[in-house]
Every structure is written in C-alpha cells, then in structure tokens.
1. Quick one: Gly94 ticks every box in (1) among the small types (Gly, Ala, Ser); (2) more than 14 Å from the chain's Cα centre (by Cα); (3) closer than 23 Å to Thr170 by Cβ except a single one, so which number is it?
2. Give region 73-97 a look and list any residue that's in contact with a Gly (Cβ under 7 Å, 6 or more places away or on another chain) and either at pLDDT 95 or above or more than 18 Å from Asp152 (Cβ to Cβ) (or both), or say none.
3. On the basis of being at pLDDT below 90 and either among the basic types (Lys, Arg) or buried (at least 18 other Cβ atoms within 10 Å of the Cβ) (or both), does Arg70 make the cut?
4. So in region 16-41, with the set limited to residues that are touching a residue at least 40 places away in the same chain (Cβ under 8 Å) and at negative phi, which one is surrounded by the most Cβ atoms within 10 Å (Cβ to Cβ)?
5. Within region 51-67, can one find any residue that is among the basic types (Lys, Arg), farther than 14 Å from Arg181 by Cβ and in contact with a Cys (Cβ under 9 Å, 6 or more places away or on another chain)?
6. Could you grab me the full set of residues in region 77-129 that are in contact (Cβ under 8 Å) with a residue 24 or more places away in the chain, among the small types (Gly, Ala, Ser) and outside any loop (DSSP other than H, G, I, E, B)?
7. Please find, among Asp152, Asp172, Asp162, the residue that is touching a residue at least 12 places away in the same chain (Cβ under 8 Å) and surrounded by fewer than 16 Cβ atoms within 10 Å (Cβ to Cβ).
8. Can you name the residue in region 5-26 that is under 8 Å from Gly97 (Cα atoms) and assigned to a loop (DSSP other than H, G, I, E, B) and is also modelled with the highest pLDDT among such residues?
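The values are calculated or read from the model by the stated rules, or taken from the named source; none is laboratory data. Keep in mind the model is a prediction, meaning the values are calculated, not measured. Positions of Cβ are backbone-derived with ideal geometry, glycine not excepted, and every protein chain shown enters the neighbour counts.
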Amino acid sequence: MREQIAQLAARLIAEDGIDDWGLAKKKAARTLGLAEAHCLPTNVELEAALLEHQRIFDEEGQREALHWLRSQALDLMELFARFEPHLVGPVLSGAIGRYPTIHLHLFADDEKAIEWFLLKEAIPYDPSQRRVFIAGAPATVPCFELNVDGTDVHLLQFAGADRHQPVRLTADGRPMARAGRASLVARLDETAAPETLLRADR
C-alpha cells in the first residue's frame, strides 16, 4: 500500500504540480481508497518514487530542468556568498516536481542581516517563518520568499552556530542534506548535456 501511494503521489507532484509532499501523499491515499493514517509512505520513499517516475517518463527533460535550476542556485549562492549559503531540498536531491522551489540555508548571527542585504540590493521579497527542528529541538526561523526568473526561491536564515547542526523538517524526519558551492559545482556535471561534457573534455 505504501508503495502504491508513493507512486501515485510522485505522479501528482511530477505531473499535476503539487509541491506539498504531505498533501500529495494524503490525496494519493484517498484516491486509492486507503486509510491514509496507517500506510502513508515516508518522504524517503516518496523521493525514491519521484526519481523513478522521472527516470521512466521524462529523464531528459528532468535532467535539463534540474541543470537549469542548479545553475540558478549557484548564481544565488554567489550573490549571498557572505552568508555561507547551502542548497537543500528537491533541487539538491533531484526529486523535483513540476513547479520546483530552490531552497537555500543562509547563516548570520545578526537577525536583520539578510533582510538588510535584500533591501540594499533592491531584491523584492516576502517575509515569513518556517518551523524546523535544529539538533532535535523545535525552532522557528526567518524565511525570505523570492521569485527569480519565474522560479520561487526560499531563503531560510539560521544562526552561525547552527551551521554544523542537523536540521529536520519534522521531529522524526531525517536530517536535511546540504551542499555548499563547491559541491554544487561538482553536481552540475551530473545534469550537463552529454555534448557539453564532450566539449569540456577536449
């Protein structure tokens, strides 16, 4: 049952543009007539199903979209370099939906530092907050929502001391993987078009 829900939820994310994974899992369970509380897949299982769906139905298109998104993320990381940016979420894992969001973790001890930077650079943003778990403890962190070239971007601000602490979206979830600029540059080769890699080798 969990596998069936994961497969249908992956299709809802990839084809219908549902970006809330919890909602996609619940909708898939209801569609299949299953009692969602007892058999919902984990985010790890859903991520695997989404990657498999992309591999089967649109591997080339997904690779091109992911390369473009990671290139965008790299540009943003250079812009916010002073805040030690790290990429997290679907654009890092590759499990992107139809309308993906770029998620960056930024680090600054001054709670107003990122907001002042956005104002100084005249970058439009919407402020909000996100509830996360840092080293197992619940916390609410500032979030700045941007739109860059039609792509939604969420910047989450953490204190500098949180740089090496595990961050989870739920109390029992797995720690979020993070990639710095060097790691992201290396990952761009994973999604580059074959002819691009051939030219680079010459």
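1. Among (1) among the small types (Gly, Ala, Ser); (2) more than 14 Å from the chain's Cα centre (by Cα); (3) closer than 23 Å to Thr170 by Cβ, the lone unmet condition for Gly94 is (2).
2. Matches in region 73-97: His86 only.
3. So Arg70 does not fit the description; no.
4. Here the residue is Ile18.
5. Scanning region 51-67, I find no residue that is among the basic types (Lys, Arg), farther than 14 Å from Arg181 by Cβ and in contact with a Cys (Cβ under 9 Å, 6 or more places away or on another chain), so the answer is no.
6. Residues satisfying the conditions are Ala81, Ser93, Ala113.
7. Exactly one of Asp152, Asp172, Asp162 is touching a residue at least 12 places away in the same chain (Cβ under 8 Å) and surrounded by fewer than 16 Cβ atoms within 10 Å (Cβ to Cβ), namely Asp152.
8. This residue is Ile18.
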